[in-house]
Protein chains: 2
Amino acid sequence: MIDDFGASLRNLRLKATPRRLAILDILASEPVYLSPEEVWQKLKARFKKAGLPSVYRNLEILAQGGVIIQIIHPDRKLYYYHCRNGSHHHHFVCIACRKVQDLAFCGMDEIEREIKGVLKGRVVSHVLQVYGLCKECTNDTGIHDKESV
Amino acid sequence: MIDDFGASLRNLRLKATPRRLAILDILASEPVYLSPEEVWQKLKARFKKAGLPSVYRNLEILAQGGVIIQIIHPDRKLYYYHCRNGSHHHHFVCIACRKVQDLAFCGMDEIEREIKGVLKGRVVSHVLQVYGLCKECTNDTGIHDKESV
DNA sequence: TATTAAATAGAATCTGTTTCTGTTTAGAGG
DNA sequence: CCTCTAAACAGAAACAGATTCTATTTAATA
């Protein structure tokens, strides 16, 4: 299945500018999360002129539209990931290679039941993210430059 | 049960300085999360001289020692909360009044099983946090100055 | 008490992110 | 195809939360 970025942008009433399409392509080309700065570096390899503020703006707009998603990272910086799976789910983030994988389990039903029943509160949103080593990095000898998480 | 901040600091081989004790007291006095800036404001009410860098340093040290915990917030700023419950658990954060409440359910067993079994990966850490309205704020007419989360 | 490593204040700095201004451009409508 | 306009853009500047640096003070040990 080949992603038609133009179509998804049209659905969101967003102009399909070359830079915007490139940003989407950059994020979709690998299942890893990237920082705005990193996206910018890759974008500048394709366009002589490319502004970092445009990258930030596009990432925000695209995330708002649901085409990409923000990764919650303990370092509190922005990271984005191109997610094909539209339904609600969470991610398993490899702290070695940055690969992001979808999780099937969520567990919010139980938590929502607890909050409603015990705390008498109302759930608005939640974040759940799991960090660890993916299959490849687990089998690795560990000569990676692992990030601390 | 009265917290003996001095004792917990001694356990961590940390000096029980007046400012450090005050920071702990400020955080423990209410079950809400505070930003470093807010802690600083409250600290300055007790000490004529108090540096913001000291607040940051203390919050980091205390969080490292487990005396307080960092709250994961969508705005990606630092927030801290004095948590009495030492065992592993997660939090229900009220987006209206900032109150933090402990959750019993975690759900990581299922997720760990999925990651081990399906993805063949290894879990290192995880974040789970739930945002919503606490009992009091749910019953409210909504005249609060709610934060957007 | 004397000592010393830890903690501190305050200034300066850093870095990721955002705002601002004027210019360019994608895409709708003629 | 052209024309037009709001959206998108580049680049500079600004911003804010967080951190580093240096000299000074202080808690806690001996």
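The values are calculated or read from the model by the stated rules, or taken from the named source; none is laboratory data. Source: prediction; values computed, not measured. Heads up, the Cβs are rebuilt from the backbone with ideal geometry, glycines too, and the neighbour counts pull from every protein chain shown. Just so you know, the surface numbers come from the protein's heavy atoms only, side chains and all, with ligands and any DNA or RNA stripped out. Shrake-Rupley method; radii C 1.70, N 1.55, O 1.52, S 1.80 Å.
Descriptive notes on the structure:
- Meeting the requirement of 1 or more residues that are of a type outside the set (S, T, N, Q), within 17 Å of A:Q129 (Cβ to Cβ) and in contact (Cβ under 8 Å) with a residue 24 or more places away in the chain, the strands (runs of 3 or more DSSP E) wholly within the stretch B:69-110 are B:90-94, B:100-103.
- Residue match in the stretch A:99-112 (condition: in contact with a helix residue (DSSP H, G or I) (Cβ under 6 Å, 6 or more places away or on another chain) and more than 9 Å from chain B (Cβ to nearest Cβ)): no
- Of all residues in the stretch A:115-132, those satisfying the criterion of being buried (at least 17 other Cβ atoms within 10 Å of the Cβ) and assigned to a helix (DSSP H, G or I) are A:I115, A:L119.
- When A:P74, A:P36 are screened for being within 16 Å of DNA strand C (Cβ to nearest atom), under 21 Å from B:P74 (Cβ atoms), of a type outside the set (V, I, T) and touching a helix residue (DSSP H, G or I) at 6+ places or on another chain (Cβ under 9 Å), only A:P36 passes.
- Any hit, the stretch B:93-102, residues being of a type in the set (K, R), exposed (fewer than 15 other Cβ atoms within 10 Å of the Cβ) and more than 21 Å from A:E110 (Cβ to Cβ): no
- Scanning the stretch B:12-22 for residues that are more than 8 Å from DNA strand C (Cβ to nearest atom), surrounded by fewer than 19 Cβ atoms within 10 Å (Cβ to Cβ) and in contact (Cβ under 8 Å) with a residue 12 or more places away in the chain gives B:L12, B:L21.
- Note on the stretch B:60-71: among residues that are surrounded by 19 or more Cβ atoms within 10 Å (Cβ to Cβ) and away from every other protein chain (no Cβ under 14 Å), the one that is farthest from DNA strand C (Cβ to nearest atom) is B:I68.
- Subset of the stretch B:23-51 (residues that are open to solvent by 40 Å² or more (accessible area, probe 1.4 Å) and either more than 14 Å from DNA strand D (Cβ to nearest atom) or assigned to a helix (DSSP H, G or I) (or both)): B:D25, B:S29, B:E30, B:P31, B:E37, B:E38, B:W40, B:Q41, B:K42, B:K44, B:A45
- In the stretch A:133-149, the residue that is farthest from B:F92 (Cα to Cα) out of those that are modelled with pLDDT of 95 or more and assigned to a helix (DSSP H, G or I) is A:E136.
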